[in-house]
Amino acid sequence: MTTSSATPVFTDTWVPDSARAITLVLHGGAQHGTDPLDGRSLSWRRGRALARHVAAAVAADDVGVLLLRYRVRGWNAGHGSVPSPVADARWALDEIARTHDLPVAVLGHSMGARTGVAVADHPSVRGVVALAPWLPPDDPVAPLAGKMLRAAHGRLDRITSARATSAYVARAAEVADAEFTDMGAVGHYLLRRIPLWNAYAAAGVREVLG
């Protein structure tokens, strides 16, 4: 069993020696929460399943995949020194730059997508693929300037808002190459039409990385 960590950690890696680019997978979470994450986290497990499918799909393209696990489960904005996924994702991108020095596509689900957008201004990041993202109307689009955003949302999502995602993409299109995809009558947790979600994720990664 995976144990909790006081630091963010790459829990799963699929990076061939021939890798020409990296996909950083960011899992979901909650608005608030300081409980440490371990292998029992359902959000991390969903991220792991997604990462495995994408790693298999893009292996022939020489794209490596890394799955990050945050220190704690919550977004925790405005809570001072409480760990946040944004800080953890920036750590991950710095580590990728240090060890691989390759272009990066960020693939995020829910809170992970919001995190990916927040760190899109990192020089290694080429763009973000966002699945059922959590994108409140006051979140800035500036980190995406000059980058790419591919966002997909189902109309039956009751956890995050497809309408909010569409509105965010419209704003982001003023500074980035941004597109919204309606995934149809599906909900938030990527549990219905799984092959379609996986195909969208892999295609988005390929498009971001050119």
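With all protein chains in place and a 1.4 Å probe, the accessible surface of the stretch 118-200 carries 58 percent carbon and sulfur.
Can you work out the FRET efficiency for the pair T99 and A56, with r the C-beta to C-beta distance and R0 = 25 Å, to the nearest 0.05? Result of the calculation: an efficiency of 0.65. With a Förster radius of 30 Å, plug the Cβ-Cβ distance of S81 and D138 into 1/(1 + (r/R0)^6) and report the FRET value to the nearest 0.05. After rounding to 0.05, the efficiency reads 0.85. Each Lys or Arg adds one and each Asp or Glu takes one away; over the other residues whose Cβ falls under 14 Å from the Cβ of G187, this sums to +3. For V175, the accessible surface of its heavy atoms amounts to roughly 60 Å² (probe 1.4 Å, protein chains only, rounded to the nearest 10). When Cα Rg over 2.2 N^0.38 Å is calculated directly from the model, which label among (i) 0.97; (ii) 0.92; (iii) 1.09 fits? So the structure-derived entry is (ii). Close amide H pairs (under 5 Å, H built 1.01 Å from N) link G127 with V106, M148, residues at least 5 positions away or on another chain. Surface exposure of the stretch 115-166, expressed per residue as accessible area with a 1.4 Å probe, stands at 39 Å². Computed over protein heavy atoms with a 1.4 Å probe, the carbon and sulfur contribution to the accessible area of the stretch 28-67 reaches 47%.
Taking all protein chains together, I194, I159 sort by accessible area into I159, I194, largest first [probe 1.4 Å]. Dividing the helix sum by the residues of the chain, where each DSSP H run of 4 or more adds -39500 (n - 2.57), gives a mean residue ellipticity at 222 nm of -10000 deg cm²/dmol.
With q set to 0.15, 0.19, 0.26 Å⁻¹, the log10 of I(q)/I(0) for the stretch 115-190, from the Debye formula over equal scatterers at the Cα positions, is -0.44, -0.69, -1.18.
Let's test the formula: R0 of 35 Å, r as the Cβ-Cβ distance of Q31 and L196. What FRET efficiency results, to the nearest 0.05? With R0 = 35 Å, the Cβ-Cβ based efficiency is 0.80.
Within the chain, antiparallel bridges make up roughly 15 percent of the DSSP beta bridges whose residues both belong there. Largest to smallest in accessible area, the residues R158, R171 fall in the order R158, R171 (1.4 Å probe, all protein chains included).
The values are calculated or read from the model by the stated rules, or taken from the named source; none is laboratory data. Note that the structure is a prediction, hence the values are computed from the model and not measured. Glycine gets a Cβ as well: all are built from the backbone with ideal geometry, and neighbour counts include every protein chain shown. Accessible surface is based on the protein model in full, side chains and every heavy atom, while ligands, DNA and RNA are left aside. Shrake-Rupley method; radii C 1.70, N 1.55, O 1.52, S 1.80 Å.
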